[in-house]
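Below is one structure, written out as structure tokens; the observations come after it.
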Amino acid sequence: MAKQSASSIVVLKVIETQRAAFRATPNAKRETPTFAEPESAVKLLAVTPRTEAEQFEHIKTRVFRRSDDAVREVADLIANLVHGRQMENRTAVLGLATGSTPVKLYRQLIRRHREDGLSFRNVITFNLDEYYGLSPEHPESYHNFMRVQLFDHIDIPPENVHVPDGLVDRGKVFEYCQKYEELITRAGGIDIQILGIGRTGHIGFNEPGSGIDSRTRMVALDRLTRRDAARDFRGESNVPEYAITMGVGTILEAREIILLAWGESKAAVLRAAIEGPETDSVPASFLQRHPQCQCFLDETAAGDLMRFRTPWKVGPVQWTPELTRKAVAWLAGSLKKPVLRLRDEDYTENGLATLLVEIGAAYGLNIRIFNELQHTITGWPGGKPNADDSHRPVPAHPAHKRILVFSPEPLDAELGMAGTLNRLVNQGHEVTLVYVTSGNLGVPDREARMAVSLLNEIQAANNLGALAKELDNKTAYDEDSAALRRFKGLIRKAEARASSQILGLADVQFLDLPFYERGRYRQFRPDDGDVAAVVRLCESIQPHQIYLTGAGADPSSVAGIVYRLVTEALDSPARHSNAGTSQIWLYSSGERPWLPHEINMAVPLSPAELAVKLDSLYHHRSQRSQTPFIESGESWQHAERTNRSTAQQYDQLGLAEYEAIEAFRLLAGAKR
Ligand code: F6R
């Protein structure tokens, strides 16, 4: 143990020396910008020294079990600042972000205004950015976003609010941006800057290539950023190409900076920003320079940080069975060796000597982990009737199970588990696939046009004339009427039925939860009525097994909301009726393929089964080019790549070689 601490001190010193050397590099671009003088009265972030576990993190990072917990603390910091300044009869200046990430924080601030009387009369705000070319009234403008999400619900004086103007004349942009900066300076500088992070590593709209000293300016948006916004704009081609954003240098002048991030889609870029070198290819990494910057992350967003990914490299660990499996699979994966061929020296030379000391020599350890991985593989996801199930992921009894599968929107369940659905049906289980929402928000107008014209031809309905007119007259961003949304919902339902029929499913249900029908992307407000509908469904089906997704999704996405609703419903007082549910399985929402050590059940697909899966996916034709999180190609190509890559990873560890594998995790607390 003493040895470990000594080595960590050495590591720390090496890192510090490297960072000092990096900073000493003579390069005008790397000059540290001047920070606004910290005002003693405003020092809100107690940036405590790093612990041993955080030694590789160059930005102070706090990890919370749930985003709600993080948001409460940030709201406290803001409330303290605002209240403190009120006592001194002074203003408080906030730098604000848009996007999914801060939505919960804004709801929390609204709640405090309404319930605790927190006043924003003395608050001045500056937003980071705005799409260029959008008027403040445009439904996707950041002006509109801020009004809907915050400003309309608090008592901030309208003249205190600043959001960059997306309509400023091209020839005047430079001058306008300088004025924006002057306004910030005149307000006394930003006290607390709230940031999200894009998957490109952007803060504000400072895309890769933005320098540490960049100022407020017009920028071109990265392809990935436009793709991530495609859903909001109903198609990537409608997303503006340019934006006006505060620069990295402008952001770094704030006295305190709080970066928020939720969900596993942000994990990789956060690792680069927090643990990697400062580089303009990840602009968020420049936050490492700021003495009063903290990241507030939920567990899934923090998942790629060294202290979670390979905790044994960071300090002493307790070798639990899960961690042991993770370490062995990691070692085999990084050395590209099958588990059974790992030698003692592979462990000792790669920082895993303590594992051998505690658990014993490589030979026995390898066999144990090999068997554990082997036991995750099953062709019987509903349990194998009359078989010894002591080493199987699913109990044999009852042989025929009632199974409830939740798909947040049509296509989600098919992407994650079409092959498994097909098997469950073929193996005689009573499977109910529930599409929790209709998914009508994801139907582009071109698909609705096609369906209207088809129906018009056969004169099947009367009100189609009105729909055709609406589609002719609306722009891509205009809000759809209720009738058009219903119609788009019908398109998705027809696709979902066709797709599930291919999988042999007789019984699919559409739950049409109210939160979805009332809302739009990034603006959903689920309530108790939604939970009650899920409780009623569970009561009527009384499932032995439940399949669900969205544990690692952005909490404000449809998948994230449905995950929360279902888990809340299962925890609700009416839960006694679900007491028979022995297992709740999570399928992947496709943002990140799971690694073998994270998988509790691996269902192999034969080449023929994979073909059936792809056939079922193709029937969701309105979803071409619609799915976010996928950098290249279509969602079904991504699903195929993921299933094939899981099979290859099992093969590489020395297990059987399959065509493809669908992966599942047992939701904690639902062990058999
Ligand atoms: C928004 C902004 C962006 C977002 C980032 C993350 O004002 O400046 O940097 O914070 O793109 O977006 P979400 O939160 O939607 O994942």
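The values are calculated or read from the model by the stated rules, or taken from the named source; none is laboratory data. Every value quoted in this text rests on a predicted model; they were computed, and no experiment measured them. Note that we place each Cβ from the backbone using ideal geometry, even for glycine, and neighbour counts take in every protein chain shown. Calculation scope for accessible area: heavy atoms of the full protein, side chains included, ligands and nucleic acids excluded. Shrake-Rupley method; radii C 1.70, N 1.55, O 1.52, S 1.80 Å.
Screening Ile194 on (1) within 20 Å of the chain's Cα centre (by Cα); (2) under 30 Å from Phe120 (Cα atoms); (3) modelled with pLDDT of 95 or more; (4) not in a strand (DSSP E or B) shows it passes everything except condition (4).
Pairing each residue of region 85-108 that is under 17 Å from Leu297 (Cα atoms) and away from the ligand (no atom under 12 Å from the Cβ) with any residue that is open to solvent by 20 Å² or more (accessible area, probe 1.4 Å) and not in a strand (DSSP E or B), provided the two are 6+ apart or on different chains, yields C-beta distances under 7 Å for Gln108/Arg72.
If we scan region 165-176, do we find a residue that is within 14 Å of the ligand (Cβ to nearest atom) and either in contact with a Phe, Trp or Tyr (Cβ under 7 Å, 6 or more places away or on another chain) or closer than 20 Å to Leu96 by Cβ (or both)? The answer is yes, given that some residue of region 165-176 is within 14 Å of the ligand (Cβ to nearest atom) and either in contact with a Phe, Trp or Tyr (Cβ under 7 Å, 6 or more places away or on another chain) or closer than 20 Å to Leu96 by Cβ (or both). In this structure, is Arg114 touching a helix residue (DSSP H, G or I) at 6+ places or on another chain (Cβ under 9 Å), away from the ligand (no atom under 16 Å from the Cβ) and at negative phi? So Arg114 passes the test. Evaluating Val508 against the criteria (1) under 28 Å from Thr300 (Cβ atoms); (2) at pLDDT below 95; (3) among the β-branched types (Val, Ile, Thr) leaves one unmet condition, (1).
Restricted to region 193-213, and to residues there that are in contact with a strand residue (DSSP E or B) (Cβ under 6 Å, 6 or more places away or on another chain) and farther than 18 Å from Ala272 by Cα, the residue that is nearest to the ligand (Cβ to nearest atom) is Ile194.
So if I check each of Ile369, Ile359, which one is over 30 Å from Arg62 (Cα atoms), of a type in the set (Val, Ile, Thr) and either modelled with pLDDT of 95 or more or within 33 Å of the chain's Cα centre (by Cα) (or both)? Break it down into steps so the answer makes sense when it comes.
Details: Ile359 fails: either modelled with pLDDT of 95 or more or within 33 Å of the chain's Cα centre (by Cα) (or both).
Selected residue: Ile369, the only one of Ile369, Ile359 that is over 30 Å from Arg62 (Cα atoms), of a type in the set (Val, Ile, Thr) and either modelled with pLDDT of 95 or more or within 33 Å of the chain's Cα centre (by Cα) (or both).
Would you mind finding the one in Gln542, Gln509 that is touching a residue at least 40 places away in the same chain (Cβ under 8 Å), within 17 Å of Asn440 (Cβ to Cβ) and surrounded by fewer than 23 Cβ atoms within 10 Å (Cβ to Cβ)? Selected residue: Gln509, the only one of Gln542, Gln509 that is touching a residue at least 40 places away in the same chain (Cβ under 8 Å), within 17 Å of Asn440 (Cβ to Cβ) and surrounded by fewer than 23 Cβ atoms within 10 Å (Cβ to Cβ). Inspect region 134-152 for any residue being closer than 25 Å to Leu287 by Cβ, open to solvent by 20 Å² or more (accessible area, probe 1.4 Å) and away from the ligand (no atom under 14 Å from the Cβ) and give the result as yes or no. No, region 134-152 has no match at all.
Do the conditions hold for Leu323, that is, is it at pLDDT 95 or above, open to solvent by 10 Å² or more (accessible area, probe 1.4 Å) and in a helix (DSSP H, G or I)? So Leu323 fits the description; yes.
Among the residues making up region 254-270, those that are aliphatic (A, V, I, L, M) and away from the ligand (no atom under 13 Å from the Cβ) are Ala254, Ala268. Taking the criterion of being out of contact with any Gly (no Cβ under 6 Å at 6 or more places or on another chain) and assigned to a loop (DSSP other than H, G, I, E, B), the residues of region 178-191 that qualify are Ala187, Gly188, Gly189, Asp191.
Here Tyr477 meets the list (1) at pLDDT 90 or above; (2) more than 26 Å from Leu415 (Cα to Cα) almost entirely, failing just condition (1). The C-beta contact set for region 329-340 (first residue without any contact (Cβ under 8 Å) to a residue 60 or more places away in the chain and farther than 10 Å from Leu653 by Cβ, second residue of a type in the set (S, T, N, Q) and surrounded by 16 or more Cβ atoms within 10 Å (Cβ to Cβ), distance under 8 angstrom, 6+ apart or interchain) comprises Leu331/Asn350; Ser334/Asn350; Leu335/Asn350.
Looking only at region 60-107, residues that are open to solvent by 20 Å² or more (accessible area, probe 1.4 Å), within 16 Å of Ile124 (Cβ to Cβ) and either part of a helix (DSSP H, G or I) or aromatic (Phe, Trp, Tyr) (or both) come to 3 in all. Pairs meeting the criteria (first residue in region 113-136 and modelled with pLDDT of 95 or more, second residue more than 16 Å from the ligand (Cβ to nearest atom) and in a strand (DSSP E or B), beta carbons under 8 Å, at least 6 apart or on different chains) are Asn122/Ala92; Val123/Ala92; Val123/Val93; Ile124/Ala92; Ile124/Val93; Thr125/Val93; Phe126/Val93.
Glu345 - would you say it is in a helix (DSSP H, G or I) and closer than 30 Å to His429 by Cα? Please lay out each step first, then the result.
Numbers: in a helix (DSSP H, G or I): yes; closer than 30 Å to His429 by Cα: no.
Answer is no for this residue.
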